[in-house]
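The values are calculated or read from the model by the stated rules, or taken from the named source; none is laboratory data. Here the structure is a predicted model, which is why all the values come from computation and not from measurement. A quick note on method: Cβ atoms are made from the backbone with ideal geometry, for glycine too, and the neighbour counts reach across all protein chains shown.
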Amino acid sequence: MNTIQPAEIKYFAIGMPEKLSYGEGREMLTAICKKPVQHAFLTKGGFHGDGVANTKHHGGTDRAVCIYPYEHYAHWEKEFGIQLPPAAFGENLTVTNMLEENIHIGDIIRIGEAVVQVTQGRVPCNTIDRRLEMAPFLKAMVTTGFTGYLCRVLQEGRIAADDQAVVIERDSKRISVLFANNVNFHHPKDTEAIQRVLEAEALAAKWRAWLTKRLEKLSI
């Protein structure tokens, strides 16, 4: 698929870390409960007014923006029989027409004044289960690969809730986010597939490091 239509932003949300209560009287600090905004300025490090609690697994220039496909909401709501809140998975932008199978590592997307580049699929964590009080959610996201994806910022700028997201350049290697997710989650010993993912020059540094290490272990 060489071209895709402009995407509509369904939800635009940011937020700083705050306490989340879950389970039986437990609490954790997390920024997953993001709030809708009409506009925000995007820098190399992320949106003004947005943050992360766990800097080891979240944030950084390769993971400055989180995008999630809107179409998956209907899938999850039907599967689990629930009504999901906006930005349920802590994403900044919930968009139409940009599924993991159609977006590649390295694709460049213009959103408002800003330009971002896809770097990796999102690796979901149990904070999603805790926020939604649905223990099977994390497992289901890993099984399907419907994780959303993360981006680095190539051009800073203001983004508004009524802007469109437009893919302005497709990566030549055509390594889809879904393919990379499937390799990471389901085919950890497929050396040929791992090598294919590593061919994506825009791949996030942490993904490149652990896939390279995995490949070295498999080569012993």
Q | Residues of segment 189-216 satisfying the condition of being part of a helix (DSSP H, G or I), touching a residue at least 24 places away in the same chain (Cβ under 8 Å) and surrounded by fewer than 18 Cβ atoms within 10 Å (Cβ to Cβ) | A | T191, A205, K206, R214, L215
Q) Give me the pairs: first residue in segment 113-125 and farther than 12 Å from L178 by Cα, second residue assigned to a strand (DSSP E or B) and of a type in the set (F, W, Y), beta-carbon distance under 8 Å, and six or more apart or on different chains, which are they? A) V118/Y149; T119/Y149
Q. In this structure, does I175 turn out to be of a type in the set (V, I, T), surrounded by fewer than 16 Cβ atoms within 10 Å (Cβ to Cβ), touching a residue at least 60 places away in the same chain (Cβ under 8 Å) and more than 22 Å from A88 (Cβ to Cβ)?
A. no
(Q) When you check V118 against the structure, is it in contact with a helix residue (DSSP H, G or I) (Cβ under 9 Å, 6 or more places away or on another chain), assigned to a strand (DSSP E or B) and either more than 21 Å from E101 (Cα to Cα) or modelled with pLDDT under 95 (or both), yes or no? (A) no
Q: Give the residues of segment 7-44 that are surrounded by 15 or more Cβ atoms within 10 Å (Cβ to Cβ) and outside any strand (DSSP E or B), sorted by residue number.
A: G15, P17, A31, I32, C33, K34, V37
(Q) Can you find, within segment 167-180, the residue that is nearest to T61 (Cα to Cα) among those that are part of a helix (DSSP H, G or I) and in contact with a helix residue (DSSP H, G or I) (Cβ under 8 Å, 6 or more places away or on another chain)? (A) A180
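To keep it simple, each residue is scored yes or no on (1) loosely packed, with under 13 Cβ neighbours inside 10 Å; (2) more than 11 Å from Q120 (Cα to Cα); (3) at pLDDT 95 or above; (4) basic (K, R).
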| position | (1), (2), (3), (4) |
| --- | --- |
| D171 | no, yes, yes, no |
| N181 | no, no, yes, no |
| H187 | no, yes, yes, no |
| L218 | yes, yes, no, no |
